[in-house]
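Q: Here you go, one structure.
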Amino acid sequence: MTYPQRRIRILDSHTGGEPTRLVLAGAPELGDGPLQERARRFRAEHNEFRSAVVNEPRGSDVMVGALLVPPHRADCRFGVIFFNNVGCLGMCGHGTIGLVASLSHLGQIAPGRVRIDTPVGPVEAELHCTGEVSVENIASYRKARAVAVTVPGHGEVRGDVAWGGNWFFLVEAHGHALELANIEGLTDFTWRVRQAVNTQGFPEVDHVELLAPSPRAGAHSRNFVLCPGKAYDRSPCGTGTSAKLACLAADGKLTEGAEWVQESIIGSVFRGRYRWLDQGKGEVAPTITGTAHIIAETEQLLDPRDPFCWGIR
Ligand code: PYC
């Protein structure tokens with residue numbers, strides 16, 4: 001007896017240690033509307049598929065998925081919807097670098113510029129001859145400065161609420177050592193910070209970013225970024241670095257075009273810079289540069305007889 005098995009064609013990469021699982025074929029049909037609407041449909045109607053692709057036993061909490069879809073905007077060549085262990089992401093910087101490296105691996109693009117449609121707006125990527133990828137992200141800005149929140153078991157913490165394609169709460173004065181050996185403590189602390197900041201009436205903060213000076217020569221800062229599903233970002237987080245650049249611009253601490261080198265908690269690095277879009281509104285267009293490596297080309301099999309076919313949730 002044969003059973004209908006669904007086949008999902010996958011290309012896996014990592015960007016600074018953070019994985020991106022690109023779905024090339026076998027994804028549900030989402031129509032041809034704006035990507036924001038398609039992402040809404042994906043969340044509402046295909047949550048099981050999302051979970052099957054990124055969650056255990058095929059994936060893990062850290063896996064970020066990317067659906068390659070036709071663009072809606074006429075000036076874009078590709079469209080992408082990013083998702084993770086708990087839902088969809090607005091934009092994803094490390095994932096866009098992974099997507100561009102994957103399209104290059106597939107022979108679909110050559111070095112040069114490519115415009116990509118996302119649920120939160122178009123981004124402009126450039127594949128360099130070196131294999132590095134730069135992504136000019138959507139307009140990023142700081143919404144609120146030095147917001148005080150009371151974190152149970154810790155006390156008051158002040159941070160900035162900023163948009164970089166996802167919502168971030170960025171904290172500099174936190175009293176924690178940003179070291180790999182301290183991952184459990186950092187995860188526990190940032191999870192409590194996230195719950196506390198989300199009682200303040202801002203748009204829901206989905207990522208918490210702790211920053212500290214970096215011991216690495218040439219790096220301006222090291223970060224620890226907690227993602228919505230409680231995994232930490234192994235990369236320096238493209239949207240988190242965008243949010244940081246917006247805060248630096250707003251504070252007058254980094255001039256337009258100057259380089260900011262952001263190190264992740266595992267020691268990987270993104271280079272960032274920004275240009276002003278609207279100085280009055282504090283809106284910048286951040287550019288993030290990094291490198292992705294292709295690590296697997298495979299097919300996932302979804303067999304409805306498998307009790308964990310749709311992932312462990
Ligand atoms: O690079 O923007 C990013 C990102 C978001 C979540 C994980 N990585």
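The values are calculated or read from the model by the stated rules, or taken from the named source; none is laboratory data. None of these values were measured; they are calculated from a predicted model. Ideal geometry is used to build each Cβ from the backbone, glycine not excepted, and the neighbour counts take in all protein chains shown. Surface areas here come from the heavy atoms of the whole protein model, side chains and all, with no ligands, DNA or RNA. Shrake-Rupley method; radii C 1.70, N 1.55, O 1.52, S 1.80 Å.
Q: Give segment 83-95 a look and list any residue that's under 17 Å from Val62 (Cβ atoms) and either hydroxyl-bearing (Ser, Thr, Tyr) or within 9 Å of the ligand (Cβ to nearest atom) (or both), or say none.
A: Result: Asn84, Leu89, Cys92, Gly93, His94, Gly95.
Q: Output the number of residues of segment 228-250 satisfying the condition of being more than 10 Å from the ligand (Cβ to nearest atom) and in contact (Cβ under 8 Å) with a residue 40 or more places away in the chain.
A: Selection size over segment 228-250: 6.
Q: In segment 145-172, which residue that is surrounded by fewer than 13 Cβ atoms within 10 Å (Cβ to Cβ) and small (Gly, Ala, Ser) is nearest to Leu277 (Cα to Cα)?
A: The selected residue is Ala146.
Q: Quick check: anything in segment 218-226 more than 18 Å from Ile183 (Cα to Cα) and of a type in the set (Gly, Ala, Ser)? It would help to see each step written out before you state the result.
A: Step one: of segment 218-226, the residues more than 18 Å from Ile183 (Cα to Cα) are 218-220.
If we keep only those that are of a type in the set (Gly, Ala, Ser) too, we end up with 218-219.
Yes.
Q: Let me ask something else. When you go through Gln200, Gln195 one by one, which is the residue that is at pLDDT below 95 and under 18 Å from Pro152 (Cα atoms)?
A: So the residue among Gln200, Gln195 that is at pLDDT below 95 and under 18 Å from Pro152 (Cα atoms) is Gln200.
Q: Please count how many residues of segment 266-298 are without any contact (Cβ under 8 Å) to a residue 40 or more places away in the chain and at positive phi.
A: Here the count works out to 0.
Q: So, in segment 98-154, how many residues would count as being within 15 Å of the chain's Cα centre (by Cα) and of a type in the set (Ser, Thr, Tyr)?
A: The qualifying residues number 3.
Q: Give segment 8-62 a look and list any residue that's in a loop (DSSP other than H, G, I, E, B) and farther than 28 Å from Thr291 by Cα, or say none.
A: Pro28, Glu29, Leu30, Gly31, Asp32, Gly33, Pro34, His46
Q: Check whether at least one residue in segment 82-97 is hydroxyl-bearing (Ser, Thr, Tyr), more than 18 Å from the chain's Cα centre (by Cα) and modelled with pLDDT of 95 or more, and report yes or no.
A: Within segment 82-97 (the criterion being hydroxyl-bearing (Ser, Thr, Tyr), more than 18 Å from the chain's Cα centre (by Cα) and modelled with pLDDT of 95 or more), the answer is no, since none of the residues qualifies.
Q: Restricting attention to segment 11-53, report how many residues are of a type in the set (Val, Ile, Thr) and either more than 11 Å from Leu67 (Cβ to Cβ) or open to solvent by 20 Å² or more (accessible area, probe 1.4 Å) (or both).
A: 2
Q: Go through the residues of segment 67-81 one by one and say whether even a single one is within 16 Å of Ile312 (Cβ to Cβ) and without any contact (Cβ under 8 Å) to a residue 40 or more places away in the chain.
A: Going through segment 67-81, the residues within 16 Å of Ile312 (Cβ to Cβ) turn out to be none.
There is no residue in segment 67-81 that is within 16 Å of Ile312 (Cβ to Cβ) and without any contact (Cβ under 8 Å) to a residue 40 or more places away in the chain.
Q: Also, I was wondering about something else. Considering segment 224-240 alone, what residues qualify as being among the hydrophobic types (A, V, I, L, M, F, W, C) and out of contact with any helix residue (DSSP H, G or I) (no Cβ under 7 Å at 6 or more places or on another chain)?
A: Initial filter on segment 224-240 (among the hydrophobic types (A, V, I, L, M, F, W, C)): 224-227, 231, 237.
Matches in segment 224-240: Cys227, Ala231.
Q: Could I ask something else about it? Within the bounds of segment 66-76, is there any residue that is surrounded by 19 or more Cβ atoms within 10 Å (Cβ to Cβ), within 16 Å of the ligand (Cβ to nearest atom), among the β-branched types (Val, Ile, Thr) and modelled with pLDDT of 95 or more?
A: no
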